[in-house]
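First the structure, in the form of structure tokens, and then the observations on it.
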Amino acid sequence: MQSVVLFKIFVNCDDTPVKKIRFLKIQFEGDLKPYEIPAFRGAVIEKAGRENVSFHNHLSDNQFLYGYPVIQYKTIGSNPALVCMEYGIDEVHHFFQRDSWAIHIGDRQIDLKVKRLQLEQYVLQVWDKTFSYRIHNWVALNGENYKKYLELGSELEKERMLEKIMVGNILSFAKGVKWEVNKPISLKLDNIGQAKKISYKGQSLMAFCVRFRTNVFLPDYMGLGKGVSHGFGVIKHERNRGSIKHD
């Protein structure tokens, strides 16, 4: 087995209080369709052992460990992938210590072989500049706030509501990795694509593809919103975009 291992450190030069975060992307060989991510997740959970809660955040059949998932299941390109952060990096060994990494997706077997492993360390803080992103299949609305969203009278009001929700999603991520946000977060949605219906845990929900700018640095392939451990709400940087104008 041959894999590529990279290590990067992203640092800050001012004296603003910061939080350092470890971030691990594991990309496997093989093909995985986006709709197969829940099956991939289930197979990895079974292989790692259900007693290892970080893989699924279930304390029991009826009890959940509410919080930001530190092990997330994705596709990178067309490959299956795991994204782990902070203590999720320490927990993922429960999968890799197994004698076999073979899993079953439906009626086919995938022998997971590491294609690329990338370990990074980022500095989380609220910056004086902004970063541009796009987010794919962002599940921003639950049943309750979806009704509120539909009742809003203008597109501008809907946009402002989505901006507030995304700031809340970033704060949930911050809480999950024990980062204390000490400055206001600025965020602007630049483009909201046509919403589409997706199925998540038996519910029909709306997913958005959005371009946005914020003064928080966010790692590529982390998730925001509902269903991040199932591959929803994946963000990636966009280069050479303008900054938010501050009043």
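Looking only at residues in the stretch 152-179 that are within 22 Å of CYS84 (Cβ to Cβ) and assigned to a loop (DSSP other than H, G, I, E, B), the one that is most open to solvent (accessible area, probe 1.4 Å) is LYS178. Taking the criterion of being part of a loop (DSSP other than H, G, I, E, B), over 19 Å from the mean Cα position of the chain (by Cα) and over 20 Å from MET161 (Cα atoms), the residues of the stretch 181-226 that qualify are ASN182, LYS183, GLY202.
When the criteria are applied in full, GLU159 meets the requirement of being of a type in the set (Asp, Glu) and without any contact (Cβ under 8 Å) to a residue 60 or more places away in the chain.
I'd like to check something: does the stretch 106-119 contain any residue that is of a type in the set (A, V, I, L, M, F, W, C) and closer than 27 Å to TRP179 by Cβ?
The answer is yes, given that some residue of the stretch 106-119 is of a type in the set (A, V, I, L, M, F, W, C) and closer than 27 Å to TRP179 by Cβ.
Please find, among ILE103, ILE110, ILE76, the residue that is within 25 Å of ILE21 (Cβ to Cβ) and either buried (at least 16 other Cβ atoms within 10 Å of the Cβ) or within 21 Å of the chain's Cα centre (by Cα) (or both).
ILE76
Checking ARG211, ARG239 one by one, the residue that is closer than 22 Å to TYR146 by Cβ and of a type in the set (D, E, K, R) is ARG211 and no other.
The values are calculated or read from the model by the stated rules, or taken from the named source; none is laboratory data. For clarity, every value in this text was computed on a predicted model and none was experimentally measured. We place every Cβ from the backbone using ideal geometry, glycine too, and count neighbours over all the protein chains shown. What goes into the accessible areas is simple: the full protein's heavy atoms, side chains included, and nothing from ligands, DNA or RNA. Shrake-Rupley method; radii C 1.70, N 1.55, O 1.52, S 1.80 Å.
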